[in-house]
Amino acid sequence: MYYIGLAARLLLVLVFLAAVVGKTRRRSSFTGFAGSLAALRLFPRRLATPAAAATVAAEALTAVLLAVPATAGAGLALAIAVLAAFVAGILAARRGGRLVPCRCFGATSAPLGLPHVIRNALLAAVAAVGLAALAAASAPGAVHPGGLALAACTAAIGALMVVRMDDLLALVPTPR
């Protein structure tokens, strides 16, 4: 169970770090993210920049909490809350008929939709599994290199697929 929890934490750290870097690597990235939040019309337009800053701060805090073993439980719980808020926001925007580009990991032209809801729900499920694994198993006396390598590789591949999801979905033809 320890390695399952470790893989979940590593995957989420990588995803949340990619989100923070994607939104902050250039001023235009952050401005674009704030603009996408304004376009969602979930709150007054004047709150878009503070909401963008709060989102980036929550994602960064989540990554830090997940990276420190002593705060991993809090990080997993915060990940679930942040991801649930993302799901709720996307669903509310879609119900309002708003097609806003996903700025989750930086600039993209893919509009927020059901794939993003599913992605965030699956990430929340990963966090829940990580939380259950953390509760069920303590760290082994000696970490097995094979278990560590498998957890790290699984997390890296999973994070890459999550971060590049819009590109992967663009490869699949959509029925007309």
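Roughly how big is the chain's charge dipole about its Cα centre, with Cβ charges of +1 (Lys, Arg) and -1 (Asp, Glu), in debye to the nearest 20?
780 debye
Per residue Cα convex hull volume for the chain, in cubic angstrom?
Considering the Cα atoms of the chain, their hull volume per residue is 118 Å³.
Using a 1.4 angstrom probe on heavy atoms only, work out the carbon and sulfur share of the accessible area of the chain in %.
Result for the chain: 72 percent of the exposed heavy-atom area is carbon or sulfur.
Helix by helix through the chain, keep the DSSP H runs that span 15 Å or more along the axis on Cα and average at least 1.0 on Kyte-Doolittle, and give those back in order.
Span-like helices, by this rule, are 2-24, 48-67, 72-95, 114-136, 145-163.
Positive end of the charge dipole of the chain (Lys, Arg +1 and Asp, Glu -1 on Cβ, about the Cα centre): tell me which of A135, A51, V64 has its Cα farthest that way.
The listed residue farthest towards the positive side: A51.
Can you give me the accessible area per residue for the chain, using a 1.4 Å probe, in Å²?
Heavy-atom SASA per residue in the chain reads 54 Å².
The values are calculated or read from the model by the stated rules, or taken from the named source; none is laboratory data. It should be emphasised that the depicted structure is a prediction, and the values quoted were computed from it without experimental measurement. Quick reminder, even Gly has a Cβ in these numbers, built from the backbone with ideal geometry, and neighbours come from all protein chains shown. To get the accessible areas, we keep the full protein, side chains included, count just its heavy atoms, and leave off ligands, DNA and RNA. Shrake-Rupley method; radii C 1.70, N 1.55, O 1.52, S 1.80 Å.
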